[in-house]
Amino acid sequence: DNANTNWVTILEAPSQLQPDAFWDILSKWTTTPVYKQIHKYEILETDTVYQNEENEVIDTITYKRRLHPTDYLRKEEINDTVIHYRSQNIIEFTPDCENPESLPHYYMQAQRFSIRLVPITHEERQNIDIVDPNNVTLPPIETNDNIRSVSIELATEMLLQLGVGIEDIEGLNRWMLIQKIIDVCKSDKQNPFVQQYTEQYKLNAKKSRKGRTRNAKRARKKAFLKSLPVTTIIDFDGSPIDYKVQFCVERWEDDNYYNYEKLYKVCRFYLDLLKKWGKDFRKGGYKKKIQHDVVISLDEFTSKYRELKEKYRFWIDNDVWDTGKCHVRVGLEMLKELGKKHF
């Protein structure tokens, strides 16, 4: 597929996942939403194709689904097709949508989206860094970002005013000059210019003290681990690293609908989740702790909602659907009708 110029690899990273774990996790993701903006997947149709006549080895499984958004009062549902290419370790999502403008924002903004488990090469394995999150050295706390934006000329002038000799400045690049300013301000607090720069650029200790609290350190550690390259394996548990995970999209023909930053953010979310679920799988598998929609099923609820939405269609046509009055009216009627049936 990548021979097609519309296919783009958004993100790829080495993984401790094996094919059995990959398909266990992705099979659950096909029927159970993990993205908070999607409330439920309704499976409309399933088709399985086997590699042989004995029906022993599965080749592909095709799911036709209806996605119910969490914000069902305002967002429309969408249908899609999910294909599991078991022999190739590829899962592919295709929305039932020809026009990108009608694709809801909670769905991946692409014509197609795929997650692939690809064997890793020896050269790629050599470039993998392994980090133990329990034994990580955090970088020093940064001072205010304003000081980081000064030019070489301004940094040189500031150092001369702080009393640093020209021979100690020559040959330094911008970042080295800025670091020298910070070091001088921390060591020579009696210098008359230190107070001025401390006031202007907030080079004071109060900023640093925030990082000494337990919660701030935890947040810094989490941010630091997330900032590491995706080629880094965090919390390595000794499992073999034989594969890498690829997240690919087929772009719309119109480049105005291609937003790499947004696609990367969603792919990074799924990558982090794959790592977490993969670790759970190696410990025996993830088990859902809470069951929702056990009194009134989501299908019955959404069906009644569609019925009432048609009843009050004139509100939607007159652009007053987003007002609180409409939500209260529909909510009260649903509570009244469904409550009579179940309570």
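Being hydrophobic (A, V, I, L, M, F, W, C), under 22 Å from the mean Cα position of the chain (by Cα) and open to solvent by 60 Å² or more (accessible area, probe 1.4 Å) is the filter here; which residues of region 25-72 pass it? Scanning region 25-72 gives no hits.
Determine, yes or no, whether Pro100 is farther than 16 Å from Tyr41 by Cβ and buried (at least 16 other Cβ atoms within 10 Å of the Cβ). Yes. Look at region 267-285: where a residue is part of a loop (DSSP other than H, G, I, E, B), no partner that is among the aliphatic types (A, V, I, L, M) and open to solvent by 30 Å² or more (accessible area, probe 1.4 Å) sits 6+ places away or on another chain with Cβ atoms under 6 Å.
Any chance you could count how many residues in region 41-75 are modelled with pLDDT of 85 or more and either within 24 Å of Leu332 (Cα to Cα) or of a type in the set (Phe, Trp, Tyr) (or both)? The total comes to 5. Taking residues in region 217-236 that are touching a residue at least 40 places away in the same chain (Cβ under 8 Å) and open to solvent by less than 50 Å² (accessible area, probe 1.4 Å), and partners anywhere that are aliphatic (A, V, I, L, M) and part of a helix (DSSP H, G or I), the pairs with Cβ atoms closer than 8 Å and at least 6 places apart or on different chains are Val230/Leu271.
The values are calculated or read from the model by the stated rules, or taken from the named source; none is laboratory data. In this text, all values refer to a predicted model and were calculated from it rather than measured experimentally. FYI the Cβ positions are ideal-geometry reconstructions off the backbone, even for glycines, and counts take in every protein chain you see. Keep in mind that these areas ignore ligands, DNA and RNA; they rest on the heavy atoms of the full protein, side chains included. Shrake-Rupley method; radii C 1.70, N 1.55, O 1.52, S 1.80 Å.
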